[in-house]
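Visitor: Could you have a look at this structure, given as structure tokens, before my questions?
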């Protein structure tokens, strides 16, 4: 029997204890704590990130760099480039060099309690907080001290109005006010504020603003001018709406009277002063009310304080070179650097005047440069047609334009370097060459006249007349690769696929480069790099850079003999009877050599020329590459520009000479005295050129072998005409000698039989005829060196006892020229006599 189950009584479950709830007061307290802790976190974070306020003492506010020419004459300034890349114009000035009217006006307008607060204006801050409560934008009652902090210690922080920025400004402002005086803070502010645009730079500081708007220093500002500049601080674009903001000036004057800074009489007088900010044409009534105002220059390009528009393109290149010469930290000099440049103001004024006077085709501009052949120092530069184009693009140094026939002297020099003489000949007749990249697979150059003489032509005559056919034949004979390698050695960028057309002008360059390369023909064969800087000093007079410690002596790119022969040939282009329109480049009293250049479709006009003293180049064309009128000739347009700028640059300067080096003598060939190299042995003849248009074309673009030159066959067109060019003393009428002043020397063509009439009776003849001075011409190059000619350093006297040389004047050049001097001082636009306006240049002129 199963035991009976006991009746077990369960205990009831215990109720759960009630949950503890936050009281309303506790919730409010917790929320308040979180609200306080959250910003406290940021306050602690921002405080630890604060820069040291004493850094303000070490921050250097850079001033503009002061620029001088080579003769220590002041030129202007270069702007400061900040680390952010922003370019500014600023001149740091101390408080004593700022008009007290300007300081008082700014304090009244921007921070009336400046001398009462300790960095933070709590009244202004309260006003700003009230606006926040009312739903307006955040405004913090910014003080002058706040603005200094924002533009220096916190310059890298976001420029927007944020709590972080304002908090940091407030804390740092209090610290700065405890460490620096009010005058120091105010001085920094006056040198930091933005006051407008100077075209391509920002105007920073009151001194630059004073110079920009009123053409005077901040120290000399009147009360009215000070108030005007003060009105621009909140928004410098108010400059463009002077009539609308004119009443604001009266408001500032009224507040200054209220603050006791000026009297009512001073305010009234200032209001009646007829202000004329730069760029504005304005009229007032007797009470100072504005009647009419017109902004005549909306781009505000007139606002270039203390940076003269004179030589702007030179300044541009100068600034680029400076960045590579001295460390960037040097530009933070508060007193500004001093840079002494290579510029000759006389040359710069001449090149700018020539640019303004230049007669160029409609829509065309120009670029030009003048350099010292013996150093590479740039004497002058202009990058545009002044007063017509105001672009910053510098055609003199930045452009890349086809050079046309101005490249030919470089080919002829390469030939001379490889054993040719200027009396050697090439055939002026049609010729064709195989060319894989040409239409029909054939390259057939043509002369500009579309005709040819069919005769053998000396290299000198071919260069004189800028004939393409003999030139291309010469390029093929010496090898286009040989020429290409020489161009690369000269620093040109040459495409590897350039064919024979390279010899007549497809190369691209600019006037500065061409002037430097041509300079090698008078300096003994040396190529220099362009230089704009002679010396750099800081504001304490410490020399940071001196060019004399970095002169390289140039790169020897030609033999001295080659250079001298090319100088002689280039003079022939200007003075020979067979010369073309380059005669218009003649400068009375100076020896000139040079070459014109015109490209296909008349897109580019060139003249590159030189004297013993200077080398220069001119380019004329349209920047977009458009064609100019067909009757635009380089000898009529570019050469006169060159003549004018070089004549002005050389005016009053002493004459130099190009000394004849060892191994060069003068010989009579084809009616001309020619400089020849006496120790050249020509290579073996290896001519594979196609000589007639009937012959099958041959591929010549890869030829590198230099073939032998051909000696000249006298050309009837260049026969001696029985006359001679002599240099006379304009006072005595007799032949000039070494004692004749340069200004008294004049050229005159006479008959040879009349020579004795021009010799002083008591003195022997200073000049002899060609027949007496020169041995009979030889049909083959002489191989014996001219042992009687001493090698003379450049720039020194070159007196010689060489019996086979033509007497020289008295340094270097024959005073008797058997060539026609052409026309001197040919006016722009007028063709040389006998040319009928037809250019002597060829398809690439």
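The values are calculated or read from the model by the stated rules, or taken from the named source; none is laboratory data. Predicted model only: the values in this text are computed from it and were never measured. Every residue, glycine among them, receives a Cβ derived from its backbone with ideal geometry; neighbour counts consider all protein chains shown.
Visitor: Picking from 154, 138, which residue would you name as being at pLDDT below 65, surrounded by 12 or more Cβ atoms within 10 Å (Cβ to Cβ) and either assigned to a loop (DSSP other than H, G, I, E, B) or under 47 Å from the mean Cα position of the chain (by Cα) (or both)?
Guide: Residue meeting the stated conditions: 138.
Visitor: Based on what the data block shows, is residue 343 surrounded by 24 or more Cβ atoms within 10 Å (Cβ to Cβ) and over 24 Å from residue 598 (Cα atoms)?
Guide: Spelling it out, residue 343 is indeed surrounded by 24 or more Cβ atoms within 10 Å (Cβ to Cβ) and over 24 Å from residue 598 (Cα atoms).
Visitor: Considering each of 484, 477, 473 in turn, give the residue that is closer than 22 Å to residue 560 by Cα and buried (at least 21 other Cβ atoms within 10 Å of the Cβ).
Guide: Exactly one of 484, 477, 473 is closer than 22 Å to residue 560 by Cα and buried (at least 21 other Cβ atoms within 10 Å of the Cβ), namely 484.
Visitor: In the stretch 641-650, is there at least one residue being out of contact with any helix residue (DSSP H, G or I) (no Cβ under 6 Å at 6 or more places or on another chain), buried (at least 24 other Cβ atoms within 10 Å of the Cβ), in contact (Cβ under 8 Å) with a residue 12 or more places away in the chain and part of a helix (DSSP H, G or I)?
Guide: Looking for residues that are out of contact with any helix residue (DSSP H, G or I) (no Cβ under 6 Å at 6 or more places or on another chain), buried (at least 24 other Cβ atoms within 10 Å of the Cβ), in contact (Cβ under 8 Å) with a residue 12 or more places away in the chain and part of a helix (DSSP H, G or I), one finds at least one in the stretch 641-650, hence yes.
Visitor: Looking at 635, 625, 648 in this structure, which one is on the phi > 0 side of the Ramachandran plot and outside the structural domain of residue 422 (by TED's automatic domain parsing)?
Guide: 625
Visitor: Another question, then. Just to be sure I understand, how many residues within the stretch 214-253 are touching a helix residue (DSSP H, G or I) at 6+ places or on another chain (Cβ under 7 Å) and part of a helix (DSSP H, G or I)?
Guide: Residues meeting the conditions: 19.
Visitor: Inspect the stretch 258-268 for any residue being within 36 Å of the chain's Cα centre (by Cα) and over 17 Å from residue 107 (Cα atoms) and give the result as yes or no.
Guide: So far as the stretch 258-268 goes, no, none of its residues is within 36 Å of the chain's Cα centre (by Cα) and over 17 Å from residue 107 (Cα atoms).
Visitor: I've got another one for you. Output the residues belonging to the stretch 431-470 that are in a loop (DSSP other than H, G, I, E, B) and buried (at least 19 other Cβ atoms within 10 Å of the Cβ).
Guide: Within the stretch 431-470, 431, 432, 435, 445, 447, 448, 452, 465, 466, 467 meet the criteria.
Visitor: So which strands (runs of 3 or more DSSP E) stay within the stretch 524-632 end to end and still have 3 or more residues that are in contact (Cβ under 8 Å) with a residue 12 or more places away in the chain and out of contact with any helix residue (DSSP H, G or I) (no Cβ under 6 Å at 6 or more places or on another chain)?
Guide: 533-537
Visitor: Do you know which residues across the stretch 62-93 are at pLDDT 90 or above, over 30 Å from residue 347 (Cα atoms) and touching a helix residue (DSSP H, G or I) at 6+ places or on another chain (Cβ under 6 Å)?
Guide: Answer for the stretch 62-93, where residues must be at pLDDT 90 or above, over 30 Å from residue 347 (Cα atoms) and touching a helix residue (DSSP H, G or I) at 6+ places or on another chain (Cβ under 6 Å): just 93.
Visitor: What strands (runs of 3 or more DSSP E) lie completely within the stretch 265-352 and have 2 or more residues being at pLDDT 90 or above and within 20 Å of residue 375 (Cα to Cα)?
Guide: Answer list for the stretch 265-352: 338-341.
Visitor: So, one more: From the list 483, 448, 492, pick out the single residue that is modelled with pLDDT under 95 and touching a helix residue (DSSP H, G or I) at 6+ places or on another chain (Cβ under 8 Å).
Guide: Within the list 483, 448, 492, the selection yields 448.
Visitor: Moving on to the next point. Scanning for something closer than 18 Å to residue 467 by Cα, surrounded by fewer than 23 Cβ atoms within 10 Å (Cβ to Cβ) and at pLDDT below 95, does the stretch 576-594 turn up at least one residue?
Guide: Within the stretch 576-594, one or more residues are closer than 18 Å to residue 467 by Cα, surrounded by fewer than 23 Cβ atoms within 10 Å (Cβ to Cβ) and at pLDDT below 95.
Visitor: Kindly indicate which of 404, 440 is free of Cβ contacts under 8 Å to residues at least 40 places away in the same chain and over 26 Å from residue 669 (Cβ atoms).
Guide: Only one candidate qualifies: 440.
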